Each structure stands twice: as C-alpha cells, then as structure tokens.
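Participant: Sharing a structure below in structure tokens format, with a few things to ask.
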Amino acid sequence: MNFISIQSYSNYIDAHIVMGQLEEQGIVCWLKDEYTLTIDPILTNALGGIKLMVAENQVQRALDLLEAQSREVHKTQVCPKCSSFDVDMISSNRSARNWFTAISGFLLGDYAIGGKKVFHCFNCGLEWNKSPESE
Ligand SMILES: [Zn+2]
C-alpha cells in the first residue's frame, strides 16, 4: 500500500490528535519522522516537520475530513471563489465597507436590524447566500 504525506506538523501533540481523529473515521495513517523529531526537535524544521502519511486510496477522504474540521474550528464558511477563511455573515442591504456601518451593526446587532443575511468574503469581496446545510 502506498502512503502519501498530506500534512506536516511541527508539534508532536497536534500530529497525534489529527491522526487519532482520522483513525476514528477508518483512515489508515501514520506519522513519518515522528521518532527522530521527538528525540531531537531541532531537526523539525530541517526535515519539514512530522508528516501525516495517509493510504493513497484514502487521501481524498482524509483531506475532506481535515477540511471539515478546519471549518468547524473557524465556525464559518470557505469562500467558494478564492477559498479564503476570512468570511463573515453580513446583512445584504448593508455592506461593512466603512467604519460607521460596521460599528452600528456591531452595536445594534445584525439580527436586531433584520434583513437578509449573506456571507461576505473580505479577501475577494464575493457575497453569496447562506448554504442550506448550515441552517
Ligand atoms: Zn473570496
């Protein structure tokens, strides 16, 4: 079975947490260079970190799981255009382009003001409707 490195970690604990999460989902994986790096952390940068190795035929599923987790961490969406995580929910009838609307929205609350909510990407400026599965 071939294994492919899908992610690298400078931290032994992070690497183990992710590997454990993937294993729970039935992904066959292991950590490359773990032993070396645990003994001599100075080598971490030289070797490019602890590599998460995943069975070749499960790589896509593993990447999907990691992506789902990072969304969970960010509690937000990924921009469908530029894949930025710098995304927030705003009212479609206002845009947060100047400080006044940003502050009044913060003080009064978007939900108090009402209006339709859309996602806004602060990286490329794209706005799109809330996806049904996030309701
Ligand atoms: Zn974007």
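All of the numbers you see were taken from the coordinates with simple rules; none came from a lab. The shown structure was predicted, so the numbers you read here are calculated from the model rather than taken from an experiment. Reconstructed Cβ throughout: ideal geometry from the backbone, glycine too, with neighbour counts over all protein chains shown.
Participant: For a paramagnetic label modelled at 7 Å from the Cα of residue 12 toward its Cβ, which residues of region 48-64 fall within the zone defined by backbone nitrogen distances under 17 Å?
Facilitator: Zone members listed by number: 48-52.
Participant: Please give the length that would be gained between residue 69 and residue 126 if that part of the chain were fully extended, namely 0.36 nm times their separation in residues minus their C-alpha to C-alpha distance (nm, one decimal).
Facilitator: Full extension of this stretch gives 18.2 nm more.
Participant: Would you grab the residues whose amide H sits under 5 Å from the one on residue 11? Only those 5+ places off in sequence or on another chain, please, with H modelled 1.01 Å from N.
Facilitator: 50
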